[in-house]
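Remarks on the structure that follows.
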Amino acid sequence: MKDVKSAESYQFANLSHREDLLNDLRSLESRMKTELGHEVALIAYAQGEQEDKQGK
C-alpha cells in the first residue's frame, strides 16, 4: 500500500505573488465549468512545511 499523507502535512500554497499562475488556475476552472457543466474549484496545496521562496 502507498504511503498516504495526512491532511495535516499539507498547507495552502502561497501564490499571492504569482498572478500568472492564479490566472492559469482561473482559466482552467472556467474551461472545466464549460466542459463539465458545473463549477469546479481548484485548490493549490504545498506538501509539508516548505515555504514559497518567491513569495517571501
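Miscellaneous remarks
- Using heavy atoms of the protein chains and a probe of 1.4 Å, the accessible area assigned to S30 is about 70 Å².
- Surrounding net charge for R26, when Lys and Arg each add one and Asp and Glu each subtract one, Cβ distance under 13 Å: -2
- Cβ-derived FRET efficiency at R0 22 Å, A13 paired with T34, nearest 0.05: 0.30
- Taking each residue as 0.36 nm, the span from D24 to A46 lengthens on full extension beyond its C-alpha to C-alpha distance by 6.2 nm.
The values are calculated or read from the model by the stated rules, or taken from the named source; none is laboratory data. Just so it is clear, the model here is predicted, and its values are computed rather than measured. Neighbour counts are summed over all protein chains in view; Cβ atoms, including those assigned to glycine, are modelled from backbone coordinates with ideal geometry. Please note that ligands, DNA and RNA were not included when accessible areas were found on the heavy atoms of the full protein model with its side chains. Shrake-Rupley method; radii C 1.70, N 1.55, O 1.52, S 1.80 Å.
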